[in-house]
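A short write-up of the structure that comes next.
Here, each number is a calculation from the coordinates, and none is a lab measurement. This one's a predicted model, so the numbers in the text were calculated from it and none came from an experiment. Glycine gets a Cβ as well: all are built from the backbone with ideal geometry, and neighbour counts include every protein chain shown.
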Amino acid sequence: MTVSAEGPVEEGFDASAPSARTESPPAAVDSSRRPASIAVRLFLSAALWTGAVLLIVGVTLSSYYTRSVERGFDQRLHVYLKTLVAAVADGTFSREDPGSFGEPRFDLPLSGWYWQITRIDRDPPESTTSKSLFEEQLPRPSALGGSDALVGTREGYVQGPEDQRLRVVERTIDLGQDGRYLIAIGAASGEIDRDVADFNFALLVSFLALGLGLMATTWFQVVFGLRPLSRMRTQLSEIRRGGRAGLDGDFPKEIAPLVGELNALLESNREIVERARTHVGNLAHGLKTPLSVIANEAHAGEGGFAEKVREQALVMRRQIDHHLERARLSAGVAFTGETAEVKPALDALARTMEKVHRDRTLIVEASAPAELRFRGERQDLEEMVGNLVDNACKWAKTRVSLSAEPLVGRRRPSLRIVIEDDGPGLGADQRKDVLRRGRRLDETKPGSGLGLAIVSDLAAMYGGGLQLGASSSGGLRCELELPAA
C-alpha cells in the first residue's frame, strides 16, 4: 500500500525509527534516598536540640533535688546523732535502758529506724543497739565507701536488716580514758525514694508537655517561615500550566532577589522565543523566494539539465521546509508556560477534515475529556494532530477516529491521542520507513513526505513520542504521547 508521510509516538515504538525517541525512560526515584525537605530538616534539628537540652536540664534538676532531699533527711538523722553523742559524752547513756530519744520507732522491731553505739577501742568491739534492730548490726558507711559530709561525720546508704535500704550517718568520738565510740543512726530511705520518684514523675510530665509545646511552636515557625517558598512553588506551577506569566506579590528580602532573577529569566526566555520565530520567518522568506525563481526557470527549460535542476530544487525545498519547521517548533517548545485545551482542538480538526473531504462522505469522529489540557502551545498541538489526521483522511475508506485520554502511572502528567483509520494500513517495515525525513511510499498522493518526521521530532521535543501500529479496522493507528497540564 502507499501513504503520504505527513503526520506523534508512545512507548513501545520501534527504536529503529530515526526520529523516534530512543532513550530509556528515567528510573523511578527511590523515595528512601530522596533528600529531606528544608522544613523537615529544620524541624528535626530543632527537635534534637530541644530534646537534648531538656534531657540535660531534667537530669541536672533530678540530681540536684535528690541531693537536696538527702541533705534534709540527713539533718533529721543528725539531730538524733547529736543526742546520742551527748548522752555518751556526759555519761547519761545507759546500756540497760537506752531509751528511744523521742522517736518511738527506735523501740519497734525492724521499724526502719535504728541506732547503734560501738566501743571500738576494745577487742572485740562492744555494741549497743536500739530495740528496733532486733539483735542485728548496722553496716558501717565508711566501710562501704560512704562520703564525708562533716568533720568526723559520714553519710551513706547501706543494706540493713530484712534487706532494707538505709540512709546512715555515723560519727566517731574519743573520750580518752573513757574509750572511743562509733555512733550511727540509720533510717529506711523509702521516704527519700518516694520524694525523688514523685519529683521525677512531675518533672517528666512537665518536660514532656514543654517539649510537645516547643515542637508545635517550632513546626509553626518552620511552616510560617517557609510559606513564601511554598507560595513561590505554587506560582511556578501555575506558570508551567500557563495560568500566569511570572511571579508576583511581596516576598521576604532573603528570597526577593531570587524572585527577581526568575522573572528576568522567564522574560528573557520569551524574548528568545520571539526572536527565534522572527529569524525563522525571515530565513524562510529569504530562501524560498530565490528557490522558487530557480524552480520556475527550470520548469521553463527542457533537457536533462533542466530536469536535474527541478529535481534538486524539490529536494532543497523539502530540506528547507523540514529544518525551518523544526526550528520554528523548537522555538515554540522553549517556553513551557503555555497550555491548550485538547477537546476544542480535536473537534475543530474533525470538522475541518470533514469539509476538506466532503466529496468522499468521510466521517471524522473526535472524543476527549473536557478537562484534558496539553502542556504546550495549541499551534503545536494542531500541527502534530493535524498532520496525523490529514494522513489518515487521505487513506481512510469511510471513517477516521480521534480520541484523547489522560495517562496514569507516569512520572509526570501525560496524555495520549490516538488517530485510527480504516484504510489499507502499513506493514511493520513500512511503519519504520515512513518516519524517515522526506520518505514517501506513494508519490501519487500529495505531500512532501515531512509530516510524520516533523510530528515525531516535535513530540520528542516535548518529551513525548509517536508510535505507529495497526488499528482494529485494519488501517493505521497513530498513538501520540504528550505532556499534560
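The convex hull around the C-alpha trace of segment 222-319, projected and averaged over every direction, spans 9.1 square nanometres.
Whole number please: convex hull volume per residue of the Cα set in segment 350-420, in Å³?
Working: hull volume 6.5 nm³, N = 71.
About 92 Å³ per residue, rounded to a whole number.
On the principal axes of its alpha carbon atoms, segment 338-483 extends 40, 30, 27 Å, with the longest extent given first.
Can you give the extra length, in nm with one decimal, that the chain gains between R76 and Q221 once fully stretched, where that is 0.36 nm per residue apart less the Cα-Cα distance?
Numbers: separation 145, 0.36 × 145 = 52.20 nm, distance 5.07 nm.
Contour length minus Cα-Cα distance gives 47.1 nm.
Taking a Cβ cut-off of under 15 Å around H299, the surrounding Lys, Arg, Asp and Glu residues balance to a net charge of -1, with basic ones at +1 and acidic ones at -1.
Partner lysines whose Cα lies under 24 Å from the Cα of K355, excluding those fewer than 8 positions away in the same chain, are identified as K343, K394, K397, K445. Using the Cβ atoms and a cut-off under 12 Å, what net charge is assigned to the surroundings of D248, where Lys and Arg are +1 and Asp and Glu are -1? Combined, the nearby Lys, Arg, Asp and Glu give 0. So what does log10 I(q)/I(0) come out to for segment 200-269 at q = 0.18, 0.28 Å⁻¹, using the Debye formula with one equal point on every Cα and no solvent? Those come out to -0.74, -1.19, one per q. Extending 7 Å from Cα along the Cβ direction at R233 and again at T172 yields two label points whose distance is 7.3 nm.
Rounded to the nearest 0.05, what FRET efficiency do D248 and V57 give with R0 = 56 Å and r taken as the Cβ-Cβ distance? Could you check? Each step should come with its number before you reach the end.
Values: r = 47 Å, r/R0 = 0.84.
In this case the efficiency is close to 0.75.
Summing charges over neighbours of V69, with a neighbour being any other residue whose Cβ is under 14 Å away from its Cβ, gives -2 when K and R count +1 and D and E count -1. By the Stokes-Einstein formula, at 0.692 mPa s and 37 °C, segment 132-277 with its Kirkwood radius over alpha-carbon pairs has D equal to 142 µm²/s.
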